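Notes follow once the structure below has been shown.
The values are calculated or read from the model by the stated rules, or taken from the named source; none is laboratory data. Given the structure is predicted, the values throughout are model-derived calculations rather than measurements. All Cβ positions, even for glycine, are placed from backbone atoms using ideal geometry, and neighbour counts span all protein chains on display.
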Amino acid sequence: MCGIFGYIGDKKTAPRMVLAGLKTLEYRGYDSWGVAVVPSKQSTNNTIVVKKKAGKIGDATVNDLPEGSLAFGHTRWATHGGVTDKNAHPHLDCSKTVAVIHNGIVENYETLRNELIKKGHRFVSETDTEVIAHLVEEYLKKFSVLPRDAAPAFSKAVQATFKDLEGLNAIIVINTAAEEMVAARNGSPLVVGFGHGENFLASDPAALLPYTKQVHFLEDDEMVIVSKGSIHIFHAHTGERVRPRKQLLTWTTEEAEKGKYPFFMLKEIHEQAGLLSEIASESPEQSILIAKELKKAPRVYLVGAGTSAHAARSASYFFSLVANKLVNYGIASEFDHRLSVIPENGALMALSQSGETMDLLEVVKKAKEKNIKIFSLVNVVGSTLWRMSDEHLAIGAGPEKGVASTKAFITKIAHLLLIAYAMAGDIKGGQKSLVRAAKATKEVTSKAYTQTIMKLAKKLKDEQHLYIIGHGLSYCAALESALKIKEISYIHAEGIPAGELKHGTLALVTKGTICMVFAPHDEHYQSTMANAMEMKARGGYIIGISDKNDDVFDEFLQVPDAGIATIIPNIVVAQLLAYYLTIERGFDPDMPRNLAKSVTVK
Ligand code: G6P
């Protein structure tokens, strides 16, 4: 949540580099944006220059900002204070010589703000963030006795400020008197990038790919002083020096770009068939190891948020169907009450694309306190969840930028299917199943198939409600499909267990109500069709998604049978439908309103 990018080095084009960095990070938040620069030729009043605006970055430029080799910027996902130019980051102190960008929530900001107002500080925004700039200003007065003390005083002032903040926060502060960025993290992610004669800070490693692949992920309560020639990491409370834990990023710049596609989401949907084939053919060693460990555990829980929670739910079916093991699943923000019943020798498997979702990290933290073993499936290697886990598996989706998760979901469930097969001692069976899923996915993402979906999207674009039903794994598909449609096309969609229709939702079905039905020819086929008929009898317009057509269907989307892995092509079809509905309705599928890719607040 909130994109952060900071640069210090030899280049005088820091503001433009920062803007470019922010454009790659906009999926983290896009309510507003802003860039601050310490001008190279200091103006007479020696102040930081800021440009900030409400709205998406779009084609914005920062050509009107002065040149400078120290700049940082922010894309906002509003928590405190409306979406206005004034509330956009960076925020300045009264003297305009200190600027801050922030990700998180300062929980005690009201108390701090009132104290600062009493001391004469003037606030110009409604944000919690602005208190940070004024607090640093206040501490600077205290610590800067002599001008030559300016640099140490600055980092000391940021350290003291950070210690005063309650809540989970990542901050970066700059100051006209010190040629450095000082940053601190508790909860919200920050990564330091090591360059040559230049260094970087970002909220997300993908933004650093054009400049460096050597990074250090800050741990909670770590602080860093980043100047152009050095990176000094230390503990915010003890002051103890921390040796950089340098990590190499494996993603490429091209992977993080749209290429020939108009939107990231479409590119990411089309990458899925290839990713499935890769997972089917790569060494399954880590899946086998995790399967062994999970098999031993008396109780296993799969947890995630949003789309990752749907992956958890789907996988719980894989484990019972393939490995005859009861594995529970849970939604991270609702998981609290279950933690108390997981025994110490139980296992918690956390699923996350970003590895930074706060709701999930909170569960993992609490589970660790209980000595529960943590397994994770993560896309961003090195992320907080990755580092917190006893055993982890990289899902290998590559950078995912569309806010609506697609390929991270498919790669997660592909790995989970393999783990279930490994648990049953039949990893080859799992690999075969993924090969079938890859083939089916290729078919449903072909040009001809896409045209069928585009036609359907045209027909459905003015609908206000969609009901999606399925049994078993198809129920999981229904839930995930509904989420995709809701989050980007803003059409209300509901995933319902097919058998539950008659217990309530059927009351909403009248003439012309759109009902999507996942009906693969599995053991639930007959009952699913009976439920579809119940809808049709009440006027429902039935869109069948199945390997074979049926008279009940008013529209038919054929999805090849891939056995237990049919959920994969089924969901890919729904991803495409969600995408084209969004295009038809004139919205941006990559940046849906009010949402962000990585939710680092509770
Ligand atoms: C946000 C994103 C969703 C994502 C969820 C969990 O809400 O918009 O697309 O599914 O977070 O994210 P994670 O990174 O933990 O998988």
* To do: Looking only at segment 250-269, count how many residues are surrounded by fewer than 19 Cβ atoms within 10 Å (Cβ to Cβ) and either polar (S, T, N, Q) or in a loop (DSSP other than H, G, I, E, B) (or both).
  => 10
* Only residues in segment 399-410 that are under 14 Å from M591 (Cβ atoms) and part of a loop (DSSP other than H, G, I, E, B) count as the first member; pair them with residues that are basic (K, R) and more than 6 Å from the ligand (Cβ to nearest atom), Cβ under 7 angstrom, at least 6 apart or cross-chain, and list the lot. => E400/K407; A404/K484
* Working carefully through the options T566, T528, T582, find the one that is more than 30 Å from G355 (Cβ to Cβ), in the same structural domain as K486 (by TED's automatic domain parsing) and among the β-branched types (V, I, T). => T528
* **Which numbered condition T441 fails, given (1) in a helix (DSSP H, G or I); (2) surrounded by fewer than 24 Cβ atoms within 10 Å (Cβ to Cβ)** => (2)
* Can you pull out the strands (runs of 3 or more DSSP E) entirely within segment 501-602 that have at least 3 residues that are at pLDDT below 95 and on the phi < 0 side of the Ramachandran plot? -> none
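So that you can scan it fast, the table gives a plain yes or no per residue for (1) in contact with an Asp or Glu (Cβ under 7 Å, 6 or more places away or on another chain); (2) crowded, with 22+ Cβ neighbours inside 10 Å; (3) in contact (Cβ under 8 Å) with a residue 40 or more places away in the chain; (4) acidic (D, E):
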| residue | (1), (2), (3), (4) |
| --- | --- |
| H521 | yes, no, yes, no |
| G539 | no, no, no, no |
| D551 | no, no, no, yes |
| L576 | no, yes, yes, no |
* Asked: Can you tell me which of L135, L140, L70 is closer than 30 Å to L361 by Cβ and buried (at least 20 other Cβ atoms within 10 Å of the Cβ)?
  -> L135
* Asked: If you go through segment 396-410 one residue at a time, how many are away from the ligand (no atom under 11 Å from the Cβ), buried (at least 21 other Cβ atoms within 10 Å of the Cβ) and not basic (K, R)?
  -> 2
* Could you check, for segment 197-219, whether at least one of its residues is touching a residue at least 60 places away in the same chain (Cβ under 8 Å), among the β-branched types (V, I, T) and more than 23 Å from E26 (Cα to Cα)? => no
* If you take the residues in segment 143-175 that are charged (D, E, K, R) and crowded, with 16+ Cβ neighbours inside 10 Å, which one is modelled with the highest pLDDT? -> D164
* Which one is farthest from the ligand (Cβ to nearest atom), of the residues in segment 579-602 that are closer than 23 Å to V380 by Cβ and among the β-branched types (V, I, T)? -> V601
* Given the residues D390, D359, D336, which is the only one that is among the acidic types (D, E) and either within 14 Å of the ligand (Cβ to nearest atom) or within 19 Å of I279 (Cα to Cα) (or both)? -> D359
* To do: Among residues belonging to segment 26-50 that are surrounded by fewer than 22 Cβ atoms within 10 Å (Cβ to Cβ) and within 28 Å of P589 (Cβ to Cβ), point out the one that is farthest from the chain's Cα centre (by Cα).
  => D31
